[in-house]
Amino acid sequence: MKLTDLLRRPQPTLSFEVFPPKTDATFDSVLNATRAIAALRPDFMSVTYGAGGGTSRYTLEIVTTVEREFQVPTLAHLTCVSSTRETVKQRIAELKEAGVDNVMALRGDLPPELVGADRSGWDYRHAVDLVRELKEAGDFCIGGACYPEVHPESKNQKEDIAHLKEKVEAGCSFLTTQMFFDNNLLYNFLYKIREAGITVPVVAGIMPITHKSQLERAITLSGSFVPQRFKALVDRFGGSRAAMKQAGILYAADQIIDLLANGVKNIHVYSMNKPDVAAAIQSLLKDVLSAP
Ligand code: FAD
């Protein structure tokens with residue numbers, strides 16, 4: 001199933017994300033977590049791509065397992081910047097052969113020493129290069145990433161949105177946001193991209209923070225702004241695993257309720273291979289998601 005068919009329906013969607021194992025030894029435990037999340041029957045599940053790593057082939061294996069065993073639609077992530085054209089073409093051929101409908105086209109993170117480097121000899125410079133290649137290769141429903149707080153390498157939001165528009169015009173039919181902890185940042189971003197003529201569905205990415213160190217890692221990675229309200233909660237409950245988990249899940253659920261109340265109806269939870277967190281969010285939002 002093409003995800004845009006789901007995302008354009010009037011009903012809200014709630015989807016979850018899993019990431020493939022970093023080593024072969026943990027594949028079974030990741031697959032078990034994936035099965036437990038798929039058993040919750042989310043509207044779809046995304047599976048990230050371990051850029052350049054030896055376990056990147058697992059994305060496809062996880063995606064096909066979810067579709068085959070649970071009939072839950074999936075979104076396979078694919079990155080390009082640290083791969084050769086030959087490898088990317090091979091991955092795309094494998095996705096096509098396996099009947100994958102939905103692909104998230106990503107550039108991937110650059111190692112710090114390559115951020116300002118001359119890219120003229122690179123096979124892929126930006127995600128848009130991969131979007132074009134996927135578009136040519138088959139009838140994929142292609143998603144792209146977007147950044148309500150501006151991508152850390154962009155000079156400013158205007159430039160970032162201009163590049164985003166190029167990505168959509170090249171063939172992205174929906175976008176998923178980087179995590180954010182203040183919904184007003186998303187509302188401002190949506191206003192600006194709609195004004196710039198970007199009309200595709202935008203899926204709001206929400207990360208439930210269930211322990212203190214996870215917040216530190218998430219901020220380093222994304223540069224997301226942490227509102228005082230959330231900082232206070234981490235200061236007060238960060239020392240207790242159980243309390244932080246409960247507070248983090250409730251904060252994420254509260255963010256989602258506010259999004260749904262304000263017309264943002266496609267919600268993606270960065271569930272980080274944690275079936276208990278995915279189940280708790282789903283259960284807290286059951287009636288809200290099915291409200292007439
Ligand atoms: P791009 O769209 O290429 O944008 C990156 C930067 O380049 C931006 O500053 C943009 O403004 C600029 N840019 C874009 N086009 C041009 C152009 N033509 N000229 C000049 N500048 C341009 N990483 C993984 O390794 N695996 C994953 O599975 C994964 N999943 C993700 C899912 C989501 C929803 C998000 C938000 C991120 C994900 N990432 C993943 C991280 C992502 O790879 C990084 O954020 C990366 O730094 C940028 O990827 P992008 O696809 O947004 O790149």
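Read-outs throughout are calculated quantities, based only on the coordinates presented, and are distinct from any laboratory measurement. Remember, predicted model here, so these are calculated numbers, not experimental data. Using ideal geometry, Cβ is built from the backbone for each residue, glycine included, and neighbour counts are taken over all protein chains shown.
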Quick shape check on region 21-69: root eigenvalues a ≥ b ≥ c of the Cα gyration tensor, a/c under 1.5 is rounded, otherwise prolate if a/b tops b/c, else oblate, and it reads prolate
Taking a ≥ b ≥ c as the square roots of the Cα gyration tensor eigenvalues, with a/c under 1.5 meaning rounded and otherwise prolate when a/b beats b/c or oblate if not, region 119-243 comes out prolate
With the charge dipole of the chain built from beta-carbon charges (+1 for Lys and Arg, -1 for Asp and Glu) about the Cα centre, the Cα from Gly121, Phe70, Ala98 projecting farthest to the positive end belongs to Phe70
As straight-line cross-link partners of Lys158, the qualifying aspartates and glutamates (C-alpha separation under 17 Å, not fewer than 8 residues apart within one chain) are Glu149, Glu166, Glu169, Glu195
Between Glu69 and Val288, Cβ-based FRET efficiency (R0 22 Å, step 0.05) works out to 0.20
Going residue by residue through region 102-107, the Karplus relation 6.51 cos²θ - 1.76 cosθ + 1.60 with θ = phi - 60° gives ³J(HN,Hα) values, rounded to whole Hz and with x marking Gly or Pro, of 10, 10, 8, 8, 10, 6
Label model pair Met1, Leu114: point-to-point distance (7 angstrom along the Cα→beta-carbon line) in nm is 3.6 nm
Put in order of increasing Cβ neighbours within 10 Å, starting from the fewest, Ser213, Ser173 give Ser213, Ser173
Links exceeding 27 Å between C-alpha atoms in this model, out of Lys192/Lys274; Lys245/Lys286; Lys22/Lys89, come to Lys192/Lys274
Relative contact order of the chain (C-alpha contacts under 8 Å, at least 6 apart) in percent is 20 percent
Per the charge dipole of region 3-289 (beta-carbon charges, Lys/Arg positive, Asp/Glu negative, Cα centre), the residue among Phe181, Ala170, Pro12 reaching farthest to the positive end is Phe181
Reduced to Cα centres, the span from region 58-93 to region 231-275 in Å works out to 28 Å
For region 3-289, the charge dipole (Cβ of Lys, Arg +1; Cβ of Asp, Glu -1; about the Cα centre) points to a positive end, and the Cα of Leu215, Pro148, Met272 closest to that extreme belongs to Leu215
Simple spin-label estimate for Asp235/Gln11, 7 Å along Cα→Cβ, in nm, reads 4.3 nm
A student applying the Cα gyration tensor rule (rounded when a/c is under 1.5; otherwise prolate if a/b is larger than b/c, oblate if not) would label region 3-289 rounded
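For the chain, what does -39500 (n - 2.57) per DSSP helix run (n ≥ 4), summed and divided by total residues, give at 222 nm, in deg cm²/dmol to the nearest 500? Display every interim value, and only then the final one.
Details: 12 runs with 137 residues, N = 292.
Calculated from helices alone, the mean residue ellipticity at 222 nm is -14500 deg cm²/dmol.
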Bridge orientation stat for the chain from DSSP, antiparallel percent rounded to 5, came to 0 percent
Final fewest-first order of Asp160, Asp182, Asp118 on the 10 Å Cβ neighbour count is Asp118, Asp182, Asp160
The residues Arg132, Arg91, Arg194, Arg68, sorted from fewest to most surrounding Cβ atoms within 10 Å, come out as Arg68, Arg194, Arg132, Arg91
For the Glu159, Ala25 Cβ pair and Förster radius 30 Å, calculated FRET efficiency rounded to 0.05 is 0.10
With the 8 Å Cα cutoff and a minimum separation of six or more residues, region 75-226 has a relative contact order in percent of 20 percent
